[in-house]
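Since the structure comes first, as structure tokens, the remarks are kept for the end.
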Amino acid sequence: MEELKNIPPFAKLGDILVAAGMITEDQRNKTLAEQKFSSDKIGDLFIKLGYAVEEQVFSGLAHQMSMDFIDNDKLLEAPEVVVALIPEAFARENTLIAHQVENGTLLVAMIDPDDIIAIDNLQKLTDQKVIPALGTPTGINKAIEQLYVRIRKDSEVKDVIEDLQILVESEDEEDGMVDMTKTETEIDDAPVVKLVNLIIADALKERATDIHIEYQDKYVVVRYRIDGVLMEVMTPPHSSHAGIISRIKIISRLNIAEKRLPQDGRFGIKTTDREVDVRVSILPTINGEKIVLRLLDKSTFSRSLVQLGFEIDMLKIFKRTIIQPYGMIVVSGPTGSGKSTTLYASISDIKSSEDNITTVEDPVEYHSDGINQVQVKPKIGLTFSLALRHILRQDPDKLLIGEIRDGETADIAIKFSLTGHIVFTTLHANDAPSTITRFIDIGVPPFLVGSCLLLVMAQRLVRKICPKCRIEYEPDEYEMAALNLSDNEKERYKDIKYYRGKGCIHCRSTGYFDRTGIFELLEIKGSIRRMIFDNANQEEIRDEASRLGMVSLREAALRKIAAGVTTLREVLRVTVQEYE
């Protein structure tokens with residue numbers, strides 16, 4: 001540090017810190033007095049008593065020992081190729097990390113530069129002359145966590161890239177998908193091809209569901225949607241934008257010359273253990289074309305209802321409804337709220353060899369054994385309504401409709417449910433009561449809606465607190481005020497403990513890892529059914545449903561806070577306050 005430049009070495013640590021202005025003489029004297037009754041080293045006491053921070057004490061020690069001190073920020077700037085010279089296990093065991101290499105000399109940050117055995121072993125391991133420097137335990141451990149994870153990740157991404165197959169739609173619709181990788185070996189080394197492959201491979205590694213590539217004034221921004229939230233991951237050069245756009249258009253079979261109109265396409269990705277369908281959307285903006293890639297994992301569906309996050313009382317209601325012989329079950333929510341996952345978990349829970357189960361979807365998001373899955377293809381005229389009309393001739397028992405988008409599809413689905421079949425479907429709506437009015441809004445008569453519905457369920461996904469860095473904390477007044485609890489809720493949740501994630505490598509420093517569902521179940525009981533027949537509005541339906549015991553999305557989210565699953569901030573992000 002700059003403060004130590006004009007201070008002679010070999011002085012006592014307390015004198016060095018006083019001379020550097022890091023502590024006062026009074027603080028030094030109090031610490032020396034305290035040391036008489038303590039087994040702690042003087043430097044540890046300065047930190048323990050709050051007179052100095054770790055970096056100040058270790059910089060003073062480095063000055064005392066006449067060696068370099070590497071601060072915490074500089075430790076994180078060490079080149080990965082240099083860090084990798086020392087095996088991770090050895091670095092962790094001895095709390096050290098390689099920082100710089102030059103002309104056969106390796107500068108290593110250590111917490112114990114006098115460890116001759118470690119230095120001798122390092123020289124044998126690296127075949128370099130080792131120069132020890134001092135670093136703080138906190139800084140070195142943090143650098144080990146971040147840099148070695150990055151090294152492992154880069155290696156894993158490289159393996160994925162080498163194994164990556166790009167599957168594109170054949171010019172002939174009947175040929176399905178063809179492997180473009182084998183036909184493009186001559187351009188595999190092109191920088192833009194490598195960059196696009198890197199973006200995709202890294203997204204797969206990070207559990208991303210979407211990739212956003214945006215053209216800004218001075219650079220290109222690449223963001224991944226991880227656990228429902230966008231995160232900036234890289235900023236490729238400004239000049240790379242046109243190449244990225246062209247490459248993605250080529251593998252999506254889109255018009256590379258068209259830059260004025262939106263375009264939609266698709267391609268596939270195949271690795272050793274995964275097969276992913278990629279839906280491409282290109283939108284012209286004032287800054288240039290923006291690309292969004294939606295990654296749909298085509299692996300066999302394996303999740304159960306229990307894994308989705310249902311509370312016990314809600315799971316009982318849902319399970320007893322999905323085993324009914326006929327009627328309609330509707331799951332509502334925005335895009336990416338887990339509706340399809342819930343429907344597939346429902347079908348998986350009740351399927352048997354005695355039933356003919358058919359799905360109509362766009363796209364088919366999961367592959368499931370024992371189910372007949374139909375992919376809608378509007379380009380050739382295979383729409384939801386056309387597929388449904390023909391499925392009626394296939395003697396189905398249970399039907400899953402990916403989404404009701406228009407009155408014609410809704411009419412067929414409802415009539416299907418009224419003729420002795422069970423129908424599972426989704427609809428875009430904000431909550432359970434508004435889902436009912438949405439049906440009426442798209443042209444379905446109230447008497448048909450009321451006759452066919454068994455259960456309407458709204459759902460959202462909230463991020464779970466990272467288990468690796470979960471800590472208890474006390475929310476501030478702003479957070480509690482924003483939650484706006486009613487008097488009953490304040491009484492119910494007055495003794496709960498609040499948790500959050502402080503951020504770690506495991507969760508990309510977000511404090512969250514993975515997601516779970518929150519649900520609002522509206523059972524269509526007699527009084528609710530009569531209200532639908534009478535064309536009641538959604539507020540009247542909500543009031544009656546609440547009287548009958550319906551748990552709202554906000555209340556379901558509060559339960560997750562009380563269970564220590566999610567955070568107060570996450571609940572505020574995902575749900576809205578209900579006003580009287």
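Residues are listed down the side, and each one gets a yes or a no for (1) in contact with a Leu (Cβ under 6 Å, 6 or more places away or on another chain); (2) open to solvent by 40 Å² or more (accessible area, probe 1.4 Å); (3) β-branched (Val, Ile, Thr):
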residue	(1), (2), (3)
341	no, no, yes
351	no, yes, no
358	yes, no, yes
366	no, yes, no
369	no, yes, no
378	no, yes, no
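Within region 542-569, residues that are over 15 Å from residue 463 (Cα atoms) sit with their Cβ atoms under 8 Å from residues that are open to solvent by 30 Å² or more (accessible area, probe 1.4 Å) and hydrophobic (A, V, I, L, M, F, W, C), at 6+ positions apart or across chains, in these pairs: 544/531.
Put simply, of 303, 294, 260 the only residue that is surrounded by fewer than 16 Cβ atoms within 10 Å (Cβ to Cβ) and closer than 30 Å to residue 350 by Cα is 303. For region 263-286, what are the residues that are open to solvent by less than 60 Å² (accessible area, probe 1.4 Å) and touching a Ser or Thr at 6+ places or on another chain (Cβ under 7 Å)? Once the filter is applied, which keeps residues that are open to solvent by less than 60 Å² (accessible area, probe 1.4 Å) and touching a Ser or Thr at 6+ places or on another chain (Cβ under 7 Å), region 263-286 yields 265, 266, 267, 280.
Per-residue answers, yes or no, for (1) open to solvent by 50 Å² or more (accessible area, probe 1.4 Å); (2) hydroxyl-bearing (Ser, Thr, Tyr); (3) out of contact with any strand residue (DSSP E or B) (no Cβ under 9 Å at 6 or more places or on another chain):
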residue	(1), (2), (3)
398	no, no, no
427	no, no, no
467	yes, no, no
484	yes, no, yes
490	yes, no, yes
497	yes, no, no
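When each of 404, 414, 329 is tested for being touching a Phe, Trp or Tyr at 6+ places or on another chain (Cβ under 6 Å) and either under 20 Å from residue 441 (Cβ atoms) or in a loop (DSSP other than H, G, I, E, B) (or both), the lone residue that passes is 329. Taking region 38-75 as the range and being open to solvent by less than 60 Å² (accessible area, probe 1.4 Å), touching a residue at least 40 places away in the same chain (Cβ under 8 Å) and within 17 Å of residue 14 (Cβ to Cβ) as the test, the residues that pass are 54, 55, 56, 57, 58, 59, 60, 61, 62, 63, 64.
On the given criteria, is residue 509 over 20 Å from residue 322 (Cβ atoms), small (Gly, Ala, Ser) and touching a Ser or Thr at 6+ places or on another chain (Cβ under 9 Å)? The answer is no for residue 509.
Starting from residues that are in a loop (DSSP other than H, G, I, E, B) and among the charged types (D, E, K, R), keep the ones in region 205-224 and report whichever is farthest from residue 281 (Cα to Cα).
Of the residues in region 205-224, the ones in a loop (DSSP other than H, G, I, E, B) are 206-209, 216-219.
Retained after the next criterion (residues that are among the charged types (D, E, K, R)): 206-207, 217-218.
Numbers: 206: 21, 207: 20, 217: 21, 218: 23 Å.
The qualifying residue farthest from residue 281 (Cα to Cα) is 218.
Filter region 499-547 down to the residues that are of a type in the set (Gly, Ala, Ser) and either under 29 Å from residue 312 (Cβ atoms) or in contact with a strand residue (DSSP E or B) (Cβ under 6 Å, 6 or more places away or on another chain) (or both) and list them by number. Reasoning before the result, please.
Taking region 499-547 and keeping what is of a type in the set (Gly, Ala, Ser), we get 501, 503, 509, 511, 517, 526-527, 536, 545-546.
Within region 499-547, 501, 511, 517, 526, 527, 545, 546 qualify.
Residue-level check: of (1) modelled with pLDDT of 90 or more; (2) under 30 Å from residue 508 (Cα atoms), residue 473 misses just (1).
Among residues of region 520-577 being among the basic types (Lys, Arg) and under 23 Å from residue 441 (Cα atoms), the one that is most open to solvent (accessible area, probe 1.4 Å) is 530.
Need at least 2 residues that are closer than 30 Å to residue 141 by Cα per element, so show me which helices (runs of 4 or more DSSP H) inside region 487-575 make the cut, counting only ones lying wholly within it. Walk me through it before giving the result.
Working: elements: 487-492, 526-533, 538-547, 553-562, 568-574.
Per the criteria, 568-574.
Entry remark, region 114-146: residues being in a loop (DSSP other than H, G, I, E, B) and either within 30 Å of residue 508 (Cβ to Cβ) or open to solvent by less than 10 Å² (accessible area, probe 1.4 Å) (or both) number 2 in total. Considering only residues that are over 30 Å from the mean Cα position of the chain (by Cα) and either in a loop (DSSP other than H, G, I, E, B) or at pLDDT 90 or above (or both), look in region 76-90 and name the one that is surrounded by the fewest Cβ atoms within 10 Å (Cβ to Cβ). Ranking the qualifying residues of region 76-90, first place goes to 87. Would you be able to say whether some residue in region 431-450 is in a strand (DSSP E or B), farther than 30 Å from residue 507 by Cα and touching a Ser or Thr at 6+ places or on another chain (Cβ under 7 Å)? Checking region 431-450: not a single residue is in a strand (DSSP E or B), farther than 30 Å from residue 507 by Cα and touching a Ser or Thr at 6+ places or on another chain (Cβ under 7 Å). For region 362-372, filtering for residues that are closer than 16 Å to residue 390 by Cβ and either in contact with an Asp or Glu (Cβ under 6 Å, 6 or more places away or on another chain) or modelled with pLDDT of 85 or more (or both) leaves 1.
Please tell me if residue 472 is assigned to a helix (DSSP H, G or I), surrounded by fewer than 19 Cβ atoms within 10 Å (Cβ to Cβ) and of a type in the set (D, E, K, R). Talk me through it step by step, then tell me what you get.
Details: assigned to a helix (DSSP H, G or I): no; surrounded by fewer than 19 Cβ atoms within 10 Å (Cβ to Cβ): yes; of a type in the set (D, E, K, R): yes.
Considered against the rule, which asks whether it is assigned to a helix (DSSP H, G or I), surrounded by fewer than 19 Cβ atoms within 10 Å (Cβ to Cβ) and of a type in the set (D, E, K, R), residue 472 comes out as no.
I'd like to know if region 450-463 contains one or more residues that are more than 22 Å from residue 359 (Cβ to Cβ), in contact with a Lys or Arg (Cβ under 6 Å, 6 or more places away or on another chain) and open to solvent by 10 Å² or more (accessible area, probe 1.4 Å). Taking every residue of region 450-463 in turn, at least one turns out to be more than 22 Å from residue 359 (Cβ to Cβ), in contact with a Lys or Arg (Cβ under 6 Å, 6 or more places away or on another chain) and open to solvent by 10 Å² or more (accessible area, probe 1.4 Å).
The values are calculated or read from the model by the stated rules, or taken from the named source; none is laboratory data. Here the structure is a predicted model, which means the values were calculated and not measured. Because the Cβ atoms are built from the backbone with ideal geometry, glycine has one as well, and the counts that use them run over all protein chains shown. For the accessible areas, the whole protein counts, side chains as well, though only heavy atoms, and no ligand, DNA or RNA atoms are used. Shrake-Rupley method; radii C 1.70, N 1.55, O 1.52, S 1.80 Å.
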